[in-house]
Amino acid sequence: MRAFAFTYNGRVVAGSKKEVRIEYPRPGWAEEDLDEIYLSTVEAVKEVAKSVDGKVKAIGFSGQMHGLSCVDREGKPLTRLIPWIDVRASEQVKELTAKIDGKELYRRTGCPPLFVYVAPKVLWAKKNMPEVFAKCWKILTPQDYVIFRLFGDYYTNPSLASGSQLLNINEVKWDSKVLEALEIDESILPELVEGDVVLDTLPGKAARLLGLRQGIPVALGASDGALSNVGLGAVREGVCAVNLGSSGAVRIISKRPILDEKMRFFCYYVASRNWLPGGAINNCGIVLRWFRDNFAEKEVEEAEKVGVDAYKLMDEEACKAPAGCEGLLFIPFMSGERFPVRDPYVRGMLFGLSLAHGKPHLIRSMMEGVTFTLRWIGEAIEEHARVDFLKISGGGARSSLWRQIVSDVFGKKVVRTEVEEASTLGACMLAGIAVGDFPNIEKAAETMVKDVEVHQPSPVDHKRLDRLFEVYKRVYERCRVYCEEILRVVE
């Protein structure tokens, strides 16, 4: 959970981050606690509130997509949150597409048939915990639950809703045909409110809880993915956003819905008739986190001694390996993958490992493998829209090496902006639009987003990585069947 305060010109005044535990009760499953999410949000805001002296003009939200949680009539959680990384609903995708053809589902919702979405998770919940689901009063994302706890009612924005597979992406309203296929009523979903208008003002009880003054205008904002584009200033034609967070993504903003015949990317919604074609991947920074937690004990211990981030020391190790890692290729699909392959069964692989390889090669190969997946999505987008250069965000973008790898793999200029927390800045920008400070996201970006560093692709490294990228795709295509066989062995 993150809370940040910004000035009108996009300068960070204060920020706070709180980590929320992800539990993995079974292979392929992931869960989070709704109340932990809410309390972490409250604590993060309270810390920031101490630094702003009652000067907050507006509040905007940035929310995590794709999560399913159920609450009862009193708003008490009936389930834990099933987040984006969970793949348990893979079989329900087949059940859903038996009711609605996969391509029609995509044309209606902008969401390909995929385990990550709320729609198949609803079918999973109805089948596997029918007594619990029978008590479900509302289906909520984590942000929706936080909003309920603060305002006492159920609201969501069309941006978050567009990542559920329940929203008609063309009409920007709940899709009756999908709801009929799931056998649920629209009343089980929150009310839709555009994210760049004022929902309400902060009520007294919530204000006291957060350490803020009563009456501050609140906007619902958008999904963290959409707001990453906004906060990077990737809001005009030709500018593409790349996110290197726990999950990763490649996205553009469009004035119309853009769909792909092969369903290689999604099309979500931002706000005020702006759409978000792109693709997100499960396996990005979370892969480096796995390596840190299991194989980087030395770096973790050293980081604690000298007071730096362990990732910085891992980055220094990776810099010792050349582009292409001397033939070591990492296939990063450690928790299945969403885009562009839509494959819940594939798993990670190290290909080409030799006795000449060491820790630097392993770390760098992870960065390169993740970036290959992002490029694969980027190529699909470029069949439909122009991409001139990239703007980059997320924790991985702190790494100068990884930024250069992105430039070399894509063969395009990469721009880093001043504010690392692009999604939170994007939420602030939509709040600014809601209270009339800006007429639209383009004008907000001109005022609030500052570019600070540019990476240009190395012709030599781009050529080498270009060849490896083709090998990477062939390795996936030829080896994925063995991943399914392995999963059957360990069932």
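The values are calculated or read from the model by the stated rules, or taken from the named source; none is laboratory data. The model shown is predicted, which means the values in this text are computed figures rather than measured ones. Cβ sites come from the backbone with ideal geometry, for glycine too, and all protein chains shown count toward neighbours.
The figures follow:
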{"read-out": "Residue 457 vs. criteria part of a loop (DSSP other than H, G, I, E, B) and touching a helix residue (DSSP H, G or I) at 6+ places or on another chain (Cβ under 6 Å)", "value": "yes"}
{"read-out": "Of residues in the range 69-92 being among the hydroxyl-bearing types (Ser, Thr, Tyr) and closer than 12 Å to residue 140 by Cβ, the one farthest from the chain's Cα centre (by Cα)", "value": "79"}
{"read-out": "Answer residue from the range 162-182, given it is part of a helix (DSSP H, G or I) and among the polar types (S, T, N, Q) and is farthest from residue 279 (Cα to Cα) among those", "value": "176"}
{"read-out": "Residue under evaluation residue 330, criteria (1) among the hydrophobic types (A, V, I, L, M, F, W, C); (2) in contact (Cβ under 8 Å) with a residue 60 or more places away in the chain; (3) touching a helix residue (DSSP H, G or I) at 6+ places or on another chain (Cβ under 7 Å); (4) in a strand (DSSP E or B), criterion not met", "value": "(2)"}
{"read-out": "Considering residues of the range 337-371 that are under 20 Å from the mean Cα position of the chain (by Cα), crowded, with 24+ Cβ neighbours inside 10 Å and not in a loop (DSSP other than H, G, I, E, B) only, the residue modelled with the lowest pLDDT", "value": "337"}
{"read-out": "Enumeration of residues in the range 385-420 that are at pLDDT 95 or above, of a type outside the set (D, E, K, R) and part of a loop (DSSP other than H, G, I, E, B)", "value": "385, 399, 411"}
{"read-out": "Positions within the range 201-253 being of a type in the set (Asp, Glu) and either more than 17 Å from residue 41 (Cβ to Cβ) or surrounded by fewer than 24 Cβ atoms within 10 Å (Cβ to Cβ) (or both), in sequence order", "value": "237"}
{"read-out": "Some residue of the range 478-485 being on the phi < 0 side of the Ramachandran plot, buried (at least 23 other Cβ atoms within 10 Å of the Cβ) and touching a residue at least 60 places away in the same chain (Cβ under 8 Å)", "value": "no"}
{"read-out": "Which numbered condition residue 480 misses (of (1) touching a strand residue (DSSP E or B) at 6+ places or on another chain (Cβ under 7 Å); (2) of a type in the set (Lys, Arg); (3) more than 24 Å from residue 289 (Cα to Cα))", "value": "(3)"}
{"read-out": "Check on residue 294, in contact with a strand residue (DSSP E or B) (Cβ under 8 Å, 6 or more places away or on another chain) and either under 18 Å from residue 163 (Cα atoms) or modelled with pLDDT of 95 or more (or both)", "value": "no"}
{"read-out": "Residue among 422, 323 that is surrounded by fewer than 24 Cβ atoms within 10 Å (Cβ to Cβ), touching a residue at least 12 places away in the same chain (Cβ under 8 Å) and either in contact with a helix residue (DSSP H, G or I) (Cβ under 7 Å, 6 or more places away or on another chain) or not charged (D, E, K, R) (or both)", "value": "323"}
{"read-out": "Subset of the range 273-312 [part of a loop (DSSP other than H, G, I, E, B), surrounded by fewer than 15 Cβ atoms within 10 Å (Cβ to Cβ) and of a type outside the set (Val, Ile, Thr)]", "value": "273, 307, 309"}
{"read-out": "Residue under evaluation residue 112, criteria (1) in contact with a Pro (Cβ under 9 Å, 6 or more places away or on another chain); (2) at pLDDT 95 or above; (3) assigned to a loop (DSSP other than H, G, I, E, B), criterion not met", "value": "(1)"}
{"read-out": "Test set (1) within 17 Å of residue 146 (Cβ to Cβ); (2) under 17 Å from the mean Cα position of the chain (by Cα) - residue 250 fails condition number", "value": "(1)"}
{"read-out": "Hits in the range 210-229 - residues which are within 18 Å of residue 155 (Cβ to Cβ) and in a helix (DSSP H, G or I)", "value": "210, 224, 226, 227"}
{"read-out": "Boolean, residue 147 is among the aliphatic types (A, V, I, L, M), part of a helix (DSSP H, G or I) and buried (at least 24 other Cβ atoms within 10 Å of the Cβ)", "value": "yes"}
{"read-out": "Neighbours by Cβ (under 6 Å, 6+ apart or cross-chain): first from the range 184-199, more than 13 Å from residue 143 (Cβ to Cβ); second assigned to a loop (DSSP other than H, G, I, E, B) and polar (S, T, N, Q)", "value": "196/272"}
{"read-out": "All strands (runs of 3 or more DSSP E) inside the range 7-98 with 1 or more residues being among the aliphatic types (A, V, I, L, M) and touching a Phe, Trp or Tyr at 6+ places or on another chain (Cβ under 9 Å)", "value": "12-17, 69-71"}
{"read-out": "Matching residues, the range 115-142, being in a loop (DSSP other than H, G, I, E, B), closer than 14 Å to residue 84 by Cβ and at pLDDT 95 or above", "value": "117, 141"}
{"read-out": "Residue satisfying condition, being part of a helix (DSSP H, G or I), without any contact (Cβ under 8 Å) to a residue 60 or more places away in the chain and either surrounded by fewer than 19 Cβ atoms within 10 Å (Cβ to Cβ) or polar (S, T, N, Q) (or both), within set 473, 443", "value": "443"}
